[in-house]
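Below you'll find the structure, written out as structure tokens, and then a few comments.
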Amino acid sequence: MNTDEGIRASVGQGRLRVWGEAVEVGDDLVAWVAGGTRAHVGAVAVAALRPSLADAGRLSFTPSLITLAGHKEDTLALEGAAVLSKVTQRTVVLTVGIHIDDATGAELAALVQNARAVIKDLADRTPRPARQGSASNVQPH
């Protein structure tokens, strides 16, 4: 992936559509996931990749989160940043903002499922930088 081109993904249709993009910034990754009828910034998570404190041969990450007042994307943002970091072996910044008016429980569940699918697709298609350690060894600390 060139640093000026991102990888895009989209899942769902209509008000249940969720889409996103991931862009390399050096060895790091900046990504966003939005959807529903009003895309926005609801939460921002960072998964800062680093050597494990317990085993220098393993990679780990330190999570951080900012949630805007009244927004509920915090869990998706943290989870998504962790997935992207683990799979791509990169430090990741992920912004998530998904909204539909008068959402039913089933619609909210579909939006979360679609967001997870977008994140997985972005993670699976992002090239891995040359690093020591393996993705299966990345653990949060």
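The values are calculated or read from the model by the stated rules, or taken from the named source; none is laboratory data. Quick caveat: nothing in here was measured; it's all calculated off a predicted structure. Positions of Cβ are backbone-derived with ideal geometry, glycine not excepted, and every protein chain shown enters the neighbour counts.
Across region 108-124, what is the number of residues that are touching a Gly at 6+ places or on another chain (Cβ under 9 Å) and either outside any helix (DSSP H, G or I) or under 15 Å from residue 38 (Cα atoms) (or both)?
Selection size over region 108-124: 2.
Which pairs do you get when a residue that is closer than 21 Å to residue 92 by Cβ and touching a residue at least 60 places away in the same chain (Cβ under 8 Å), found in region 49-60, comes within reach of a residue that is buried (at least 16 other Cβ atoms within 10 Å of the Cβ) and basic (Lys, Arg), reach meaning Cβ atoms under 9 angstrom, with the pair 6+ apart or on two chains?
Short answer, once both residue conditions are applied: 49/90; 51/58; 52/58; 59/86.
Look at residue 82 and say whether it is over 19 Å from residue 24 (Cα atoms) and either touching a Pro at 6+ places or on another chain (Cβ under 8 Å) or modelled with pLDDT of 95 or more (or both).
no
Looking at (1) surrounded by 13 or more Cβ atoms within 10 Å (Cβ to Cβ); (2) modelled with pLDDT under 95; (3) of a type outside the set (Asp, Glu), which is the one condition that is false for residue 100?
Against the list (1) surrounded by 13 or more Cβ atoms within 10 Å (Cβ to Cβ); (2) modelled with pLDDT under 95; (3) of a type outside the set (Asp, Glu), residue 100 comes up short only on (2).
Go through the residues of region 42-64 one by one and say whether even a single one is at pLDDT 95 or above, in a helix (DSSP H, G or I) and either in contact with a strand residue (DSSP E or B) (Cβ under 6 Å, 6 or more places away or on another chain) or buried (at least 17 other Cβ atoms within 10 Å of the Cβ) (or both).
no
If a residue must be surrounded by fewer than 14 Cβ atoms within 10 Å (Cβ to Cβ) and either of a type in the set (A, V, I, L, M) or closer than 13 Å to residue 125 by Cα (or both), how many such residues does region 9-41 contain?
So the count comes out to 1.
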